[in-house]
1. Only residues that are more than 7 Å from chain A (Cβ to nearest Cβ) and either at pLDDT 95 or above or closer than 16 Å to residue A:71 by Cα (or both): list them for the stretch B:21-30, please.
2. Quick check: anything in the stretch A:70-88 without any contact (Cβ under 8 Å) to a residue 12 or more places away in the chain and at positive phi?
3. What are the residues in the stretch A:96-116 that are surrounded by fewer than 19 Cβ atoms within 10 Å (Cβ to Cβ), more than 10 Å from every other protein chain (Cβ to nearest Cβ) and either assigned to a helix (DSSP H, G or I) or on the phi > 0 side of the Ramachandran plot (or both), if any?
4. Report whether or not residue B:218 is in contact with a strand residue (DSSP E or B) (Cβ under 9 Å, 6 or more places away or on another chain), touching a residue at least 60 places away in the same chain (Cβ under 8 Å) and at positive phi.
5. Any idea how many residues of the stretch B:172-183 are surrounded by fewer than 17 Cβ atoms within 10 Å (Cβ to Cβ), more than 11 Å from residue B:221 (Cβ to Cβ) and in contact (Cβ under 8 Å) with a residue 24 or more places away in the chain?
6. Hey, could you check the stretch B:228-244 for residues that are modelled with pLDDT of 85 or more and surrounded by fewer than 17 Cβ atoms within 10 Å (Cβ to Cβ) and say which is farthest from residue B:169 (Cα to Cα)?
7. Hey, among the residues in the stretch A:1-23 that are more than 9 Å from every other protein chain (Cβ to nearest Cβ) and in contact (Cβ under 8 Å) with a residue 60 or more places away in the chain, which one's nearest to residue B:28 (Cα to Cα)?
8. Return yes or no: is residue A:28 in contact with a helix residue (DSSP H, G or I) (Cβ under 9 Å, 6 or more places away or on another chain), facing chain B (nearest Cβ under 9 Å) and within 25 Å of residue A:194 (Cα to Cα)?
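The values are calculated or read from the model by the stated rules, or taken from the named source; none is laboratory data. The shown structure was predicted, so the numbers you read here are calculated from the model rather than taken from an experiment. Neighbour counts run over all protein chains shown; Cβ positions are idealised from the backbone, glycine included.
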């Protein structure tokens, strides 16, 4: 697949279609959220408010199922991942637009943020020493494997999302080229499902990674003192 | 497959900006609204629980009050029944007493009425007996009977008590005193002499004697001296019998 073309230059930085589309998604989500939450009412919520509350409560419930004690802390990050990845995945269905998640740079950026967030939330939850100590558990010999796992799962996170979305777009393009106008409709429906599933998988994996990092606190607390040296 | 680091960095920044946007325009407002709604619901539930508790307390209070009312009602009803029983007993006693008094009064009236009836019957019987005796003696009246009554009268005169005899003697000694001798049948000369002799013997004086015939006497004599009168006749005896009977009544 070719690299994403640069649309324009801002000084030394080339703004690609991925970044431009991401800006559009940011603007659209910001406007939609602003409109949905402009007149919130506790007594008589309308349909937009009910929709917004449904989305937020669904995200909150999904996070609470994994980390019930830290739901409010990680909800903005994980929820934003779900909303952005889902929106970005579905953007490819719009003719003329490029899905940002079909660009490895974007998925790598998201995976990098997940990588950082795992350590950030883990350190915030357990403290630096306790968090770093869990890399030495159960044996310091396993430290290289822990580090390798961190890198590999981040890389897998980025490449999985990129590969699925890129392949979906390519398949849809090939079917469109081969079978005409009506035949790609099932493929596009599959695209919708796959986009939502991949968004869910990406967010859920991020949530699980974050939960694993935060659970290092519990491991350090439950471990006998004699073995923590 | 190559990574454009400009895109990488801008995507990182973009996502952080998105997190900020969603945090300020979606998550926080919606979560705050949900929290306010939950608080409102909790407040409403608390108020409902409070109302329920208050209702429960009121219900308990009402049930207690109802039980008190029932107990008070039972107590008052028992007291009323006791008072009713006592009043009934008192009324029955008063009625029994009144009935006893009435019965006694009625018995007394019956006894008085029977006594009056008995006396009346007795009086009637005596009257009838007197009439019968009068009729019988009137049929039996004769000079012989009168002779026997004269003899009996003279015997009775001879046996008069002293105090009575003294009074008669005093009357006989009055100047001009005369003894009226009444008989139903004419007396014989012998009878007249015996009467005079007997009077003289008992009185100590010989008074003048006036002999008269009085058929109302039936048989026998009636001696009258001043205010004194001695009856030895059937009519006088029957009259005395009737008077004695009335006096006995």
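1. Residue satisfying the conditions is B:28 alone.
2. No; the residues of the stretch A:70-88 include none that is without any contact (Cβ under 8 Å) to a residue 12 or more places away in the chain and at positive phi.
3. Scanning the stretch A:96-116 gives a single hit, A:96.
4. yes
5. Final tally of qualifying residues: 4.
6. B:229
7. A:21
8. no
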